Each structure stands twice: as structure tokens, then as C-alpha cells.
Amino acid sequence: MRSRPSAAAALALAGLAVFTVWITWQAKALELRLHGHNPGAALTGKPAPEFALPALDGRSVSLAGFRGKNVVLSFWASWCGPCRMEAPVLRTFYQRTHNADAGYELLAISLDNTREAAQDAATELKLPFPVLLDSSGIVSHQYGVEGIPTLMVIDKAGIVRYSTVGFDMTMGIMLAQQLGIKDYKPVTETKE
């Protein structure tokens, strides 16, 4: 008679399966980036599609409301592991560089199906920037988002200047360059 694996062995096997899926996804994302495949890149150099989405705080936020400022769009979801790794890096960057005179705004666009899932994750991750809800996927479709996290930078004139897919630990440096922030010094760890 065969014995069943212990709970610890089953948990370890499940963890290994999750890790395998994650590392395979990361490798594929890296391969696509190395070969220049970036669905959002089709918008680079073109006007950013206009949108208005509900924010978690109840107001409606439109891209047009930020004309004259650079805008960073971060497409994410509460269930996305790489998005949860990206969030603290974005939070730290925002806290260190954003103030009333900042020439940019960061908008996190959640692809969660429910407001509650997005709100719980935004609270848990302590996101200090506006979190918008695109549960219908209309805006993510307009922007050609095929994978998350996807990050885009829109300039003051409303032109998409940069787009990338996947989590990158050096994104703070890249964002500083894209936004013209000269005195940004990267940190080696993020604070909660």
C-alpha cells in the first residue's frame, strides 16, 4: 500500500510548480524584450488614447486632466506576482520624487474584476498614487496591454514616449531618465 505524501511535501511540490510557472513566464518576457516584442511599443511616438476611469477614492480620473504633465501608467492586478514586486519600487520612487511641483503623475490602472480586490491590494501595498479601475479592460485594450505589469510614460503633450512589459528592478532609474529627474539616486532596498 502506498502512503500519501505529507502536507509539507505537497506544499513544497505546489511551491515548486508555482515557481516553475513564474520563472518560465519571466524567461519568456525577457526573450520577448530582447527580440524587441513590446505590444505597447506600437503606441510609442503616437498620441496616448484618451480615457476616463473611476479611481478607488470615488472620483473619475481622465488622462486629459494631466495635460501639461508627464504621466506614468502602470497596468497591474492584485493577483499578479510580478506586479506585487513592482509596486514597492514604484511606491519608493513616487515617495522620493513626487511633490506639489512635480512635473509628473503616476496612475496605477488595476485590471482586477472587482473594486474590492484592487482596494485590498492597494491598501496592503500602501500605494500613495491614484489607483484607477479598468475592470472592463477597455483602456488596457486601447493601450495594447498583453501582459502585466506594463509601464508606459506619456509626455506633457500626450505622446507615448516609453513602454515596457514585465518587472525590472532598475525601473526607478529608467523612470528618472524618462521624466527628466536629474538628482534621483537609486536605493538598494524599498521600505514598507
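The values are calculated or read from the model by the stated rules, or taken from the named source; none is laboratory data. This one's a predicted model, so the numbers in the text were calculated from it and none came from an experiment. Cβ coordinates were reconstructed from backbone atoms using ideal geometry, including for glycine residues, and neighbour counts include every protein chain displayed.
For the range 147-192, what are the residues that are assigned to a loop (DSSP other than H, G, I, E, B) and within 17 Å of Lys46 (Cβ to Cβ)? Full working, then the answer.
Pass one, the range 147-192, residues assigned to a loop (DSSP other than H, G, I, E, B): 147-149, 155-158, 166-170, 180-192.
Result: Asp155, Lys156, Ala157, Gly158.
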Checklist (1) touching a residue at least 24 places away in the same chain (Cβ under 8 Å); (2) in the same structural domain as Gly65 (by TED's automatic domain parsing); (3) surrounded by 14 or more Cβ atoms within 10 Å (Cβ to Cβ); (4) farther than 20 Å from Pro54 by Cβ applied to Met174, failing item
(1)
Got a number for residues in the range 177-186 being within 14 Å of Thr92 (Cβ to Cβ), free of Cβ contacts under 8 Å to residues at least 60 places away in the same chain and not charged (D, E, K, R)?
1
Restricted to the range 147-168 and to residues being of a type in the set (A, V, I, L, M, F, W, C) and within 15 Å of Ser74 (Cβ to Cβ), the residue surrounded by the fewest Cβ atoms within 10 Å (Cβ to Cβ) is Phe167
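Could you look through the range 133-146, keep only residues that are among the polar types (S, T, N, Q) and part of a helix (DSSP H, G or I), and pick out the one that is surrounded by the most Cβ atoms within 10 Å (Cβ to Cβ)?
So the first thing to find is which residues in the range 133-146 are among the polar types (S, T, N, Q), and the list is 135-136, 140, 142.
Right, trim to part of a helix (DSSP H, G or I) and you get 140, 142.
Numbers: Ser140: 21, Gln142: 14.
The residue in question is Ser140.
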From the list Ala8, Ala29, Ala12, pick out the single residue that is more than 19 Å from Leu127 (Cα to Cα), exposed (fewer than 11 other Cβ atoms within 10 Å of the Cβ) and at pLDDT below 90.
Ala8
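Only one residue in Val61, Val72, Val89 is farther than 18 Å from Gln119 by Cα, part of a strand (DSSP E or B) and either assigned by TED's automatic domain parsing to the domain that holds Leu151 or in contact with a Pro (Cβ under 9 Å, 6 or more places away or on another chain) (or both). Which one? It would help to see each step written out before you state the result.
On the way: Val61 fails: farther than 18 Å from Gln119 by Cα; Val89 fails: part of a strand (DSSP E or B).
The conditions single out Val72.
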Leu133 meets each of (1) over 16 Å from Thr44 (Cα atoms); (2) modelled with pLDDT under 95; (3) in contact with a Pro (Cβ under 6 Å, 6 or more places away or on another chain) with one exception, condition (2)
Name every residue in the range 164-174 that is within 21 Å of His98 (Cβ to Cβ) and under 12 Å from the mean Cα position of the chain (by Cα), in order of residue number.
Thr164, Phe167, Asp168, Met171
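Keeping to the range 132-159, report how many residues are of a type in the set (Val, Ile, Thr) and over 13 Å from the mean Cα position of the chain (by Cα).
Going through the range 132-159, the residues of a type in the set (Val, Ile, Thr) turn out to be 138-139, 145, 148, 150, 153-154, 159.
Now drop any that are not over 13 Å from the mean Cα position of the chain (by Cα), which leaves 138-139, 154, 159.
Final tally of qualifying residues: 4.
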Pairs with Cβ under 7 Å, 6+ apart, first in the range 138-149 and over 20 Å from Ser62 (Cβ atoms) and touching a residue at least 40 places away in the same chain (Cβ under 8 Å), second hydroxyl-bearing (Ser, Thr, Tyr) and surrounded by 14 or more Cβ atoms within 10 Å (Cβ to Cβ)
Pro149/Ser74
